[in-house]
Amino acid sequence: MAQTRPIHVLSDHVINKIAAGEVVERPASVIKELVENALDAGATQIEVEAVGGGRQLVAVADNGCGMGRDDALLSIERHATSKIEDVDDIEHIATLGFRGEALAAIAAVSHFTLTTRAMVDEAGTELTMVGGKLVDVKDVGSPIGTRIESRRLFFNVPARRKFLRSDQTELSHIRQIFVVYALAHPEVGWRLVVDGREVYRLAAGAELADRLRDVAGAELARQLRPLDYHAADVAVRGYAGLPAVARQDRTEQYIFINGRPASAPALYHAINQGYHTLLPPGRHAPLFLFIELDPEQVDVNVHPTKKEVRFRQPGPVRDAVIEAIRRALQPAAAMTDGSGGFGETASPTNADGRARSPDAPAQETPRLLIPDLPAPRTFSFPGLPMIPPAPTEADTTQSKTRPAVPSPESSKAPWLWCRVLGQVGGLYVVLETEDGLVLMDPHAAHERVLFEQFLRQYTSHAVKSQGLLAPETVDLLPAAAEAVRENLPLLREMGFGVADFGGAAFIVDALPACLGGAAPATVLSAVAETLARGGSRGGAERWAEEAVAQAACKAAVKANDVLRLDEIEQLVVALARAEMPYTCPHGRPTIIFTSYPELNRKFGRT
């Protein structure tokens, strides 16, 4: 029979360590809690410092209101806070912090120093704690505001310390937290120093668009459209990414609720609905979503780290997000080249598609506009004989019998002969074949061709690189930068010339030759996204193949790209010679076939 122990009350020392397990998961968690306190204190400038991946030191300094000695001593006690007074205040929390546990939890598992000074005080106060025990209190000279240092994190909890990852991984989490709060509060100035080197310096008083360019990079900024929608008691603003830059995860979707980085299941459903007709399942476009509503309509006290909230009336919030995204993307629903980022609009045009002056009166659009199409030409694939189209009853000039054709098993081509009829909608190519009508998506087809070409070179270790005329600096988000840094040998094997430029920046001086026409920033970002998931996908070959697929997708022709007839023909021939000509690497169809019998049925000619 198992021996039972008597029930007893835990000591404050043990309670503090348990609380630290909920609040402090890693160095980035410390920075999150301290940054939220700084913002609640009204800071307009916040500086974050990390040494040794945050193990040796994490520090946050601000120019907020600061504290007097008595408040400083109270702040390190559990459940001591200035942000709520009674249970009713929990129903309408307007601050980022409110539980009063963070400082006590951080101090319990580190060497902790708090230096603060309020505006009314002539001298500041410095508290020193080790493992949750107060060691020293003294007056010091300090500027108005607060600086908190946490050294040797988890020094007294070795089981927790051993679960920390490498310095680079922990720094990646720190950068991510920094970026999230810098985006949430562009009006605040931010500075991040890592191992004595400045990584970010972001000016105060910035607009969201400027902050996005500084943090996410100009390349992504050009692929965004503004969100600005108000309905009843809900306001939605921010930026929504075009379908062209969609990813396979939500790493570039940032959601802020009343300035708090958080989310809710209803919001993910709303985002999926907003992009419903624009993205295939499993794809997620970048999104910077700011939702403002009455604090009483949001319950933030549902998660220990406040990562998730609950709406008292989720319906209006969900509907507002869906409508905001649809309105933002409606004019650009058919655009995938990303021109005109941050809401820029195209120049007005005449009915014939030529640009006109904004002051010139618009011409009446004709009812039917038939563009000049190149004359169709019949051609055959390499190694196959030319086969004329099937004769019609009205065509008396052609032979009544068709020449013999090779067996379909002798070729992987989806057709034996075809004729290019033209391009419709600025996108789809129309082909006539011996069995019916084919619609081809040039982007998906080109993606398949590039993917197989690139993959053959990669698997045979014979990737050809093409140097850029001028090296380009590519700025990535923290998670993507970490993935690139950890996989530099693989990227070089794939034909990329990439060098670490420090922080989240890289120098690109070469691309795989078959992707030479693509933008380095777009291709590298897409490949980094896939590499970041490599550890959980299992096997270098698997995620290298996915990285190749992403690179091919970004290098392929885009919608609205006007293709010459000879370019279309080359693409058709290359697709017919592919190992799997019917789908792109992501599973989308490259061609849609309609047989002659089906056409006859639809026209009532059966």
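The values are calculated or read from the model by the stated rules, or taken from the named source; none is laboratory data. Here the structure is a predicted model, which is why all the values come from computation and not from measurement. A quick note on method: Cβ atoms are made from the backbone with ideal geometry, for glycine too, and the neighbour counts reach across all protein chains shown.
Inspect all residues belonging to the stretch 103-124 and state whether any of them is closer than 30 Å to residue 209 by Cβ and either crowded, with 16+ Cβ neighbours inside 10 Å or of a type in the set (Gly, Ala, Ser) (or both). There is no residue in the stretch 103-124 that is closer than 30 Å to residue 209 by Cβ and either crowded, with 16+ Cβ neighbours inside 10 Å or of a type in the set (Gly, Ala, Ser) (or both). Of all the listed residues (579, 598), the sole one being among the acidic types (Asp, Glu), within 17 Å of residue 434 (Cα to Cα) and out of contact with any His (no Cβ under 9 Å at 6 or more places or on another chain) is 598.
Examine the stretch 269-291 for a residue that is modelled with pLDDT under 85, in contact with a Phe, Trp or Tyr (Cβ under 9 Å, 6 or more places away or on another chain), closer than 29 Å to residue 527 by Cα and not in a loop (DSSP other than H, G, I, E, B), and state whether such a residue exists. No, the stretch 269-291 has no match at all.
Can you tell me which of (1) surrounded by 21 or more Cβ atoms within 10 Å (Cβ to Cβ); (2) at positive phi is the one residue 52 doesn't meet? Every listed condition holds for residue 52 apart from (1).
When you scan the stretch 554-605, how many residues do you find that are under 32 Å from the mean Cα position of the chain (by Cα), in a loop (DSSP other than H, G, I, E, B) and charged (D, E, K, R)? Qualifying residue count, the stretch 554-605: 4. Number of residues in the stretch 166-195 that are outside any loop (DSSP other than H, G, I, E, B), surrounded by fewer than 22 Cβ atoms within 10 Å (Cβ to Cβ) and of a type in the set (S, T, N, Q) equals 3.
In the stretch 200-212 there is at least one residue matching the filter, namely being among the acidic types (Asp, Glu) and over 17 Å from residue 55 (Cα atoms). The one condition from (1) at pLDDT below 95; (2) of a type in the set (A, V, I, L, M, F, W, C); (3) touching a strand residue (DSSP E or B) at 6+ places or on another chain (Cβ under 8 Å); (4) in the same structural domain as residue 102 (by TED's automatic domain parsing) that residue 202 does not meet is (1). Across the stretch 1-53, the number of residues qualifying as at pLDDT below 60, outside any loop (DSSP other than H, G, I, E, B) and among the basic types (Lys, Arg) comes to 1.
Identify the residue in the stretch 207-231 that is closer than 19 Å to residue 478 by Cβ and of a type in the set (Gly, Ala, Ser) and, among all such residues, is surrounded by the most Cβ atoms within 10 Å (Cβ to Cβ). So the residue we want is 216. Among the numbered conditions (1) in a strand (DSSP E or B); (2) without any contact (Cβ under 8 Å) to a residue 12 or more places away in the chain, the only one that residue 159 does not meet is (1). Would you say residue 120 is more than 35 Å from the chain's Cα centre (by Cα) and without any contact (Cβ under 8 Å) to a residue 60 or more places away in the chain? Considered against the rule, which asks whether it is more than 35 Å from the chain's Cα centre (by Cα) and without any contact (Cβ under 8 Å) to a residue 60 or more places away in the chain, residue 120 comes out as yes. For the residues 444, 479, the requirement of being modelled with pLDDT of 85 or more and either over 13 Å from residue 498 (Cα atoms) or of a type in the set (Phe, Trp, Tyr) (or both) singles out 444.
Quick grid of which residues meet (1) part of a helix (DSSP H, G or I); (2) surrounded by fewer than 22 Cβ atoms within 10 Å (Cβ to Cβ); (3) of a type outside the set (Asp, Glu):
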| residue | (1), (2), (3) |
| --- | --- |
| 468 | no, yes, yes |
| 472 | no, yes, no |
| 479 | yes, yes, yes |
| 485 | yes, yes, yes |
| 498 | no, no, yes |
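Could you please let me know if residue 525 is part of a helix (DSSP H, G or I), modelled with pLDDT under 85, of a type outside the set (Asp, Glu) and surrounded by fewer than 19 Cβ atoms within 10 Å (Cβ to Cβ)? Walk me through it before giving the result.
Values: part of a helix (DSSP H, G or I): yes; modelled with pLDDT under 85: yes; of a type outside the set (Asp, Glu): yes; surrounded by fewer than 19 Cβ atoms within 10 Å (Cβ to Cβ): no.
Criteria not met by residue 525.
Residues in the stretch 216-239 that are assigned to a helix (DSSP H, G or I) and touching a Leu at 6+ places or on another chain (Cβ under 6 Å): 221 only.
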